[in-house]
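Worksheet for the structure shown next.
The values are calculated or read from the model by the stated rules, or taken from the named source; none is laboratory data. Model, not experiment: these values are computed from the prediction. Reconstructed Cβ throughout: ideal geometry from the backbone, glycine too, with neighbour counts over all protein chains shown.
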Amino acid sequence: MRRRNFIFDIFSIGIISSMTPKINAKEFINNNMVRSISTWKTTEANLKAGLMLDKGIDGLSAAVSGVAIEEENPKNTTVGFGGAPDRSGRVTLDACVMNHLGDCGSVVAVENIVNVARLAKDVMEKTPHVMLAGKGAEEFAISQGYEKRDLLTEKSKEDWKKWLENEDYKPVINIENHDTIGMLCLDKNNNISGACTTSGLAYKMKGRVGDSPIIGSGLFIDNKIGGAVATGLGEEVLKTVGSFLVVELMRQGKSPQEACETAVKRIVSSNSQKNKFQVAYIAMNKNGDVGSYSVEPGFTYMDYFNGENKEKVTESAF
């Protein structure tokens, strides 16, 4: 049931109606190529997705399976199991998915469940809703057979206790505290889907939710045009509905690279913060062309294409 195309309904009265589309879907050619891109040096995750795409598996299944590698990685303190807790010592996870049909699912502030991207997919496919939060999302997960698990590892607990000594909150996101794995997958049917999953900012306020589970901010797909995902300081991405903006810029005729640059520069030009912060976008259109751009140096992304999985360095505004 096509019940989750609400994003288009929300914006059709305002932004979209004021724009004259410059890209015709017929301009894109289906050459049966596959490509997967993901934020940061998520090598194994992106490789897993790329190999699944090579086998003809659909883009959303590949993306969800790919990001699960990082969700299950205890050494990644910004995603899934082993993620840094909030100020009260609780690890809460956020995620969303979106497929080529415009259907989407999201979960926010979930405790005790590791694979929240898959849970978001289950919300999309098995409930009448788009988003479930907190205990409701956890209870739904348990009803679907998910294992309940303590997400706080000993290492994350030790780091949190050390932080409590001074409680100096610095949401500087770059390499050490980059948060989020976002992934876009172009499958053999020339369909784009994506997933985005995170434990959010380390030592955030209890209840804080960033851009990652918000359709249009952390992730957006328009299968006629392409897709985009965001990473970095979610508060800044939310203010510009960043991933939606990138896709709309591609609709207007910009390349994925040009669209990412324009979206980042809009954040930079309107920002009054004195502290440095990181925001980055990756994007892909229906031709399989990709682009990326960041506020600060240091952002990289993985690119699986033609059987090769490479880390690529992104140019930045500063």
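Of the residues that sit in the stretch 180-223 and are modelled with pLDDT under 95 and among the hydroxyl-bearing types (Ser, Thr, Tyr), which one is surrounded by the fewest Cβ atoms within 10 Å (Cβ to Cβ)?
Per the stated criteria, the residue is 203.
State yes or no: is residue 168 free of Cβ contacts under 8 Å to residues at least 60 places away in the same chain, surrounded by fewer than 22 Cβ atoms within 10 Å (Cβ to Cβ) and outside any helix (DSSP H, G or I)?
On the way: free of Cβ contacts under 8 Å to residues at least 60 places away in the same chain: yes; surrounded by fewer than 22 Cβ atoms within 10 Å (Cβ to Cβ): yes; outside any helix (DSSP H, G or I): yes.
It is true that residue 168 is free of Cβ contacts under 8 Å to residues at least 60 places away in the same chain, surrounded by fewer than 22 Cβ atoms within 10 Å (Cβ to Cβ) and outside any helix (DSSP H, G or I).
Can you report the number of residues in the stretch 36-45 which are over 9 Å from residue 181 (Cβ atoms) and either of a type in the set (D, E, K, R) or surrounded by 24 or more Cβ atoms within 10 Å (Cβ to Cβ) (or both)?
Here the count works out to 4.
Just need a number here: residues in the stretch 126-153 that are touching a residue at least 60 places away in the same chain (Cβ under 8 Å) and farther than 18 Å from residue 208 by Cβ. Break it down into steps so the answer makes sense when it comes.
Here is the first cut: in the stretch 126-153, the residues touching a residue at least 60 places away in the same chain (Cβ under 8 Å) are 128, 130-131, 149, 151-153.
Next, only the ones that are farther than 18 Å from residue 208 by Cβ stay: 128, 130, 149, 153.
Result for the stretch 126-153: 4.
Checking residue 162 against (1) modelled with pLDDT under 95; (2) buried (at least 20 other Cβ atoms within 10 Å of the Cβ); (3) not in a loop (DSSP other than H, G, I, E, B), which single condition isn't satisfied?
The one condition residue 162 does not meet is (2).
Which of the residues spanning the stretch 89-138 are among the charged types (D, E, K, R) and closer than 21 Å to residue 220 by Cα?
From the stretch 89-138, those among the charged types (D, E, K, R) are 90, 94, 103, 111, 118, 121-122, 125-126, 135, 138; that's our starting set.
Of everything in the stretch 89-138, those that are among the charged types (D, E, K, R) and closer than 21 Å to residue 220 by Cα turn out to be 94, 103, 118, 121, 122, 125, 126.
Name the pairs: first residue in the stretch 96-125 and assigned to a loop (DSSP other than H, G, I, E, B), second residue aromatic (Phe, Trp, Tyr), Cβ to Cβ under 6 Å, at least 6 apart or on different chains?
Pairs found: 113/146; 114/81.
Being touching a strand residue (DSSP E or B) at 6+ places or on another chain (Cβ under 9 Å) and modelled with pLDDT under 95 is the requirement here; does residue 227 meet it?
Numbers: touching a strand residue (DSSP E or B) at 6+ places or on another chain (Cβ under 9 Å): yes; modelled with pLDDT under 95: no.
Taking the combined requirement at face value, the residue does not satisfy it.
Any chance the stretch 189-205 includes a residue that's in contact with a strand residue (DSSP E or B) (Cβ under 9 Å, 6 or more places away or on another chain) and without any contact (Cβ under 8 Å) to a residue 40 or more places away in the chain?
no
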